[in-house]
Amino acid sequence: MKIGICDSSMHEVEAVKDFIESRMDLDNVEFELYLPEEASIDVEESTFSCDIFITEIVFDNLQYNGICLARAINRSVPNCKIIFYADHIPDGWDIYDVEHCNCVMKRNRDIKLVHAVDMAIKRLNMSRSNFIRVCYGKTINIFSASEIICIHRDDRLTRYCTTRGDYVQYITLTNALKNLPKVFVRVNSNCIINRQHVKHYSRSTVTLDNGEVVKIGRPYKEEVFS
């Protein structure tokens, strides 16, 4: 799990990180410390990979703010849980214009921030199976389960056929399947399908709604037809 923290002041970012680490017992958590420009670049270049993002709303001397940044994250990494952590909310700024799971004022750097992070972790764990992360090099693409039609082993790469096009990453089909919800099933040694995109079953093949016909391997028939 990766928690990102963003503020105009790196001193404030480090203080928030230290506070969270001192108050919460977090295993296997990596922190990414951001100034606003750095976070914006990661989002634009599709290298942003935070699971939870804690951000100030007002950025000093910038033409955009935390709400704009959160909106961009909503579009590119929809499963990221955003927490606004702010000195104040200027009049006329609508934080409910974007998806976020909490808003904590900096004067409340106490149990309220701990509670917000804890709730974000719980929501993340509940929703994680509905989103699939596909990484290739520094590029990260996030898909909802319903967007993925099938997954093929393609030489040394695994190819994700989605409603947005094809994307690849270095991962075995066995490990890919571990990260997928139960709607996905392996039909042969080189292919996983999404049952939501099945148009027709026969005794030996599956026809997907993109027109692709996939053979069902003998060792996989019982699971496919269960």
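The values are calculated or read from the model by the stated rules, or taken from the named source; none is laboratory data. From a predicted model like this one, the values you see are computed outputs, not experimental measurements. Here Cβ is always computed from backbone atoms with ideal geometry, including for glycine, and neighbour counts include all displayed protein chains.
The set of residues from the range 205-223 being in contact with a helix residue (DSSP H, G or I) (Cβ under 9 Å, 6 or more places away or on another chain) and in a strand (DSSP E or B) comprises Val206, Leu208. One residue alone among Pro181, Pro219 is loosely packed, with under 11 Cβ neighbours inside 10 Å and of a type outside the set (Lys, Arg), and that residue is Pro219. Which one is modelled with the highest pLDDT, of the residues in the range 166-198 that are part of a helix (DSSP H, G or I) and among the hydrophobic types (A, V, I, L, M, F, W, C)? Filtering first and then ranking leaves Leu173.
Given the range 1-99, what strands (runs of 3 or more DSSP E) lie entirely inside it while holding 3 or more residues that are under 14 Å from the mean Cα position of the chain (by Cα)? Break it down into steps so the answer makes sense when it comes.
Values: elements: 2-6, 30-34, 52-55, 81-86.
Correct list: 2-6.
Looking at the range 136-153, which of its residues are of a type in the set (A, V, I, L, M, F, W, C) and surrounded by fewer than 17 Cβ atoms within 10 Å (Cβ to Cβ)?
Going through the range 136-153, the residues of a type in the set (A, V, I, L, M, F, W, C) turn out to be 140, 142-143, 145, 148-151.
Within the range 136-153, just Ala145 meets the criteria.
Checked against (1) surrounded by fewer than 16 Cβ atoms within 10 Å (Cβ to Cβ); (2) over 30 Å from Gly211 (Cα atoms), Arg156 meets all criteria but (2).
Among residues of the range 47-67 being surrounded by fewer than 17 Cβ atoms within 10 Å (Cβ to Cβ), farther than 11 Å from Ser8 by Cα and of a type outside the set (Val, Ile, Thr), the one that is modelled with the highest pLDDT is Tyr64.
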